[in-house]
Amino acid sequence: MITDTLQQVLDNTTRPWRQRLDNGRARLFQADALSQAEQTPYETLFDDGLVKLRYYPPLQENAIPLTDGTVMSVSRDTQRTPLVLVAPLAVNMLIYDLFPQRSLVRYLRARGFELYMVDWGRPGKHHNHLSLSSYFADYLPKLLVQVRQHSGKQQLSLHGWSFGGLFSLCYSALGQDPDINNLVLVGAPTDYHRNGALGAQYRRFSRRAKWIRSTTGLRIHDVPAGLLRSPGWINSLAFKLTNPVGSLQGYWNLVKNLHDRDFVSAHATNGAFLDDMVAYPGGVIQDIIRYLWTDNVVAHGQLPMEGTEGHLNQVTANVLNVTGASDPIVTPECSQAMEPLICSKDKTFITIEGGHMGILGSAAAQKQSWGRIADWLIERD
């Protein structure tokens, strides 16, 4: 009897530590199995080995869970205007479908949108020739042809986050597609020199770069693109350094909650996005340095490309601009600088809580902006 009691005490003492060790081992070596991301089914309509176009068919379930514990009924009424999610560069697509209860694609599909998504893929070293305009002036027109053929609809809405927002804006500014009805731009940069602390750095960089250009004739596009490629791990590190305290706190919280399998699973799910970012091609970095950091061309209505007739004054689609109050990467002032440059009659600008990632995929974004975005689009359908 005494032996059984001692064994029970020993088991109760060691079990929590065994759980911590098991969960820690799973987080380190089996993170993919823990991840809850990308559970919404989709079809691939286009794939050239790099860029892909996804289509999300109607959901089979009648209701979906939300982060607050409630459920939302799935609409069987389809909106007339298809919605195309235009992703940014440097990120994988998990952010759009991170958790079953916090999935932007699942939410929008449940609201009745015929939903497509542009996945820019994972560029290798042989893609260093790609520039910013490769995405919005070359790829995007071809992909939207695919969307129109598949949907049977000519009029479209674009939803772009970060560089995806810049691409959507620039595509419309080319003035070649009058059938883009609506632009939802989330954390989309415009005036890089009015971008908080980063903007001050860009202004200093711009002065030096222009001095070098005027005195030596050296331009960033004279540097081989392959030397400027930014690998995915550097992009992950740079993103985390925008909030170093928060990043360290996340790992400390993991250590404190290793006994909780659900917490460890959620940490692995977020890590699947944050720890696996994608490279920037060297040509993109050349364009960022010249057109965005140095010359800040979008702030003057111009497009970040050579020899174009495009201009932001050719943007006439309805525009909903969403910014994050604590976004250090694209501040509200930086993004909202587009307001006097575009000729849209219907323009709405809102600022919500959150940083650059949070305004798209966090629980706060689900409460503050997802419904407003869907409602805004439906009112204009």
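The values are calculated or read from the model by the stated rules, or taken from the named source; none is laboratory data. Computed from a predicted structure; not experimentally measured. Virtual Cβ from ideal backbone geometry, glycine too; neighbours counted across all protein chains shown. Just the protein is used for accessible areas: all its heavy atoms, side chains included, with ligands, DNA and RNA removed. Shrake-Rupley method; radii C 1.70, N 1.55, O 1.52, S 1.80 Å.
Among strands (runs of 3 or more DSSP E) entirely within segment 53-155, having at least 3 residues that are free of Cβ contacts under 8 Å to residues at least 60 places away in the same chain and of a type outside the set (Phe, Trp, Tyr) singles out 63-65, 71-73. Among the residues of segment 128-141, some residue qualifies, meaning at least one is closer than 25 Å to residue 380 by Cα and either crowded, with 19+ Cβ neighbours inside 10 Å or over 22 Å from the mean Cα position of the chain (by Cα) (or both). Looking at segment 342-379, which of its residues are open to solvent by 40 Å² or more (accessible area, probe 1.4 Å), in a loop (DSSP other than H, G, I, E, B) and modelled with pLDDT of 95 or more? Listed by number, the residues that qualify are 343, 345, 346. Within segment 319-341, the set of residues being touching a strand residue (DSSP E or B) at 6+ places or on another chain (Cβ under 8 Å), part of a loop (DSSP other than H, G, I, E, B), of a type outside the set (D, E, K, R) and open to solvent by 10 Å² or more (accessible area, probe 1.4 Å) comprises 325, 331.
Apart from one condition, residue 307 fits all of (1) under 30 Å from residue 176 (Cα atoms); (2) open to solvent by less than 10 Å² (accessible area, probe 1.4 Å); (3) at pLDDT below 95; the exception is (2).
For segment 224-256, how many residues meet the condition of being modelled with pLDDT under 85 and either open to solvent by 40 Å² or more (accessible area, probe 1.4 Å) or acidic (Asp, Glu) (or both)? The number of residues fulfilling the criteria is 17. What residue, among those in segment 48-74 that are at pLDDT below 95, surrounded by 13 or more Cβ atoms within 10 Å (Cβ to Cβ) and of a type outside the set (A, V, I, L, M), is nearest to residue 146 (Cα to Cα)? My answer is 65.
Of note, residue 277 does not satisfy the criterion of being among the hydrophobic types (A, V, I, L, M, F, W, C), open to solvent by 30 Å² or more (accessible area, probe 1.4 Å) and modelled with pLDDT of 75 or more. For segment 75-96, a residue qualifies if it is hydrophobic (A, V, I, L, M, F, W, C) and either at pLDDT 95 or above or in contact with a strand residue (DSSP E or B) (Cβ under 7 Å, 6 or more places away or on another chain) (or both), and the qualifying residues are 83, 84, 85, 86, 87, 89, 90, 93. Of all residues in segment 288-304, those being under 22 Å from the mean Cα position of the chain (by Cα) and open to solvent by 40 Å² or more (accessible area, probe 1.4 Å) number 1.
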